[in-house]
1. Testing I315 on (1) among the hydrophobic types (A, V, I, L, M, F, W, C); (2) more than 30 Å from L150 (Cα to Cα); (3) modelled with pLDDT of 95 or more, one condition comes back false. Which one is that?
2. Any chance you could count how many residues in the range 87-120 are part of a strand (DSSP E or B) and either crowded, with 18+ Cβ neighbours inside 10 Å or among the acidic types (D, E) (or both)?
3. Can you name the helices (runs of 4 or more DSSP H) wholly within the range 366-443 that have at least 1 residues being closer than 30 Å to G168 by Cβ, out of contact with any strand residue (DSSP E or B) (no Cβ under 7 Å at 6 or more places or on another chain) and open to solvent by less than 70 Å² (accessible area, probe 1.4 Å)?
4. Condition (residue is in contact (Cβ under 8 Å) with a residue 60 or more places away in the chain and over 28 Å from the mean Cα position of the chain (by Cα)) applied to the range 72-79: is it met by at least one residue?
5. If you check V83 against the conditions, is it in contact with a Phe, Trp or Tyr (Cβ under 8 Å, 6 or more places away or on another chain), closer than 23 Å to G192 by Cα and either in contact (Cβ under 8 Å) with a residue 12 or more places away in the chain or in a loop (DSSP other than H, G, I, E, B) (or both)?
6. Considering only the range 54-79, state which residues are under 16 Å from Y190 (Cβ atoms) and not hydrophobic (A, V, I, L, M, F, W, C).
7. Counting just the residues of the range 119-161 that are closer than 18 Å to L108 by Cβ and polar (S, T, N, Q), which one comes out modelled with the lowest pLDDT?
8. How many residues are touching a helix residue (DSSP H, G or I) at 6+ places or on another chain (Cβ under 6 Å) and buried (at least 20 other Cβ atoms within 10 Å of the Cβ) when one looks only at the range 15-34?
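The values are calculated or read from the model by the stated rules, or taken from the named source; none is laboratory data. Quick caveat, the model's predicted, so the values are computed rather than measured. Note: ideal-geometry Cβ built from the backbone for every residue, glycine included; neighbour counts use all protein chains shown. With ligands, DNA and RNA removed, areas are computed over all heavy atoms of the protein, side chains included. Shrake-Rupley method; radii C 1.70, N 1.55, O 1.52, S 1.80 Å.
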Amino acid sequence: MKSDLLAARLAGIVGQEHVLAQERCAQYAVDGKAPTAAVFPATVEEISGVMRLASSERLSVVPWGSGTKISFGGIPERVDLLVGLARFNRVIEHEPADLTATIQGGALLREVQAYLGQRRQFLPLDPPLAARATIGGILATNASGPRRLLYGAARDLLIGLRVVHADGTATKGGAKVVKNVSGYDMPKLYIGSLGTLGIIVEATFRIYPLPAVERTWVASFPDGEGASSAVAEMLAAPIVPSSLEFLSSPAAQSVARLAGLSLPQGHVALASSVGSVAEAVDAQLGQIKRISERNGAGGGFLLEGDAQERFWTAISEFMPGEHNGRVGAVLKASVVISKVLEAVRRGEEIARAVGLQSFAICEAGSGIVRLHWTNNAGEPGVAVEVMAKAIEALRDSIVREGGNLVVMSAPPTLKAAVDVWGPVGKALALMQELKQQFDPHRILNPGRFVGGI
């Protein structure tokens, strides 16, 4: 369908001022593919109308929150229509006494936290780029961050969901109360599905009271072995950290500079945060400090208030190649906790062999390893084929140890040369069947999910 005709039909659903024709859609390109039109509905009925039009015309649809996760996934087969959720941005319902909140999919996480914070409550989600991430994008990509250690991932906090499907049908699953045990837990099906089964328009979460006090101890270690031993001891001790983050040496230096700290050159860092009443926080951080020193820590910093916020923001916003023209890839490995350091070291070794630098930021207590591979400053870029082989070599070593690795972000040329998802085994057949049932005409994000779904 031609851009002007599509824009006119969309305008009849949402109003002309909420539609962009092709010449104004370049900013919404996915892996270099710009949509024919972009539409920004404000109600479930409008989204349903848009999807009915897309279904009848067999137009592919890309759901768009704020764009922070849009580089995740494979190269789309086609991009006809972008459905933006910028106007779908409210907290619909908040029950402070029940510790639940229902939030629209386009709401920015930072605005949700500000709203809940007025009642001394919060939603314990802190994915990368949290300040710009939307609720729907976090759920669609199953994004998590340091607080996952204590509070769990998004699927652990979700209790209800409202979705608009490829044919425009809107459905609800779950409930608005925490105790809900009847029937299948359908909302979990959409978590991490990358918008290929439906557009998430509303989500109901279990929320938590803000801790009375929260502080962070950042310990500096001369090597990763000491930090790894400290992690093992902390996880076995009677302490309850909300975050336990390991930073390789180059990542530690970068984050420290952004946070206004000074770490010794060559040292790695281990950041442990605790939130509770003041006495409990002091007691647990004291124990964390002693464990760190016992395992070779050469010093550290106690952070609270603005200094603490700067530190964790630097981790959330970490993108070492973004500001200096160094191009690379962001990889995410999931490994058993005892293999975190091994995955970091293997990533550094393989990257170094092909002329790349590896920055590692890891959820040490959850086994999540994020590797930022960038070209070395001042050196020519690494060939796409070489980087693709390096990623596959790292994936092979991690899979052999029972883990997995996905490419979170990469230029389209690199995506075309490597499987961004990796092997999924017998689960692929079930995923393909679900796609066929929910979206038989392959309208939603075709080609971007596992196995080209």
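1. (2)
2. In the first step, residues of the range 87-120 are kept if they are part of a strand (DSSP E or B); the result is 91-95, 100-104, 108.
Imposing the further condition that a residue be either crowded, with 18+ Cβ neighbours inside 10 Å or among the acidic types (D, E) (or both) reduces the set to 93-95, 100-104, 108.
Qualifying residue count, the range 87-120: 9.
3. Numbers: elements: 384-400, 412-415, 427-438.
Here the list reads 427-438.
4. First, the residues of the range 72-79 that are in contact (Cβ under 8 Å) with a residue 60 or more places away in the chain: 72-78.
Of the ones still in play, those that are also over 28 Å from the mean Cα position of the chain (by Cα) are none.
Looking for residues that are in contact (Cβ under 8 Å) with a residue 60 or more places away in the chain and over 28 Å from the mean Cα position of the chain (by Cα), one finds none in the range 72-79, hence no.
5. Numbers: in contact with a Phe, Trp or Tyr (Cβ under 8 Å, 6 or more places away or on another chain): yes; closer than 23 Å to G192 by Cα: yes; either in contact (Cβ under 8 Å) with a residue 12 or more places away in the chain or in a loop (DSSP other than H, G, I, E, B) (or both): yes.
In short, yes.
6. P63, G65, K69, G73
7. S144
8. Taking the range 15-34 first, the residues touching a helix residue (DSSP H, G or I) at 6+ places or on another chain (Cβ under 6 Å) are 19, 21-22, 31-32, 34.
Applying the additional criterion that residues be buried (at least 20 other Cβ atoms within 10 Å of the Cβ) yields 19.
Residues meeting the conditions: 1.
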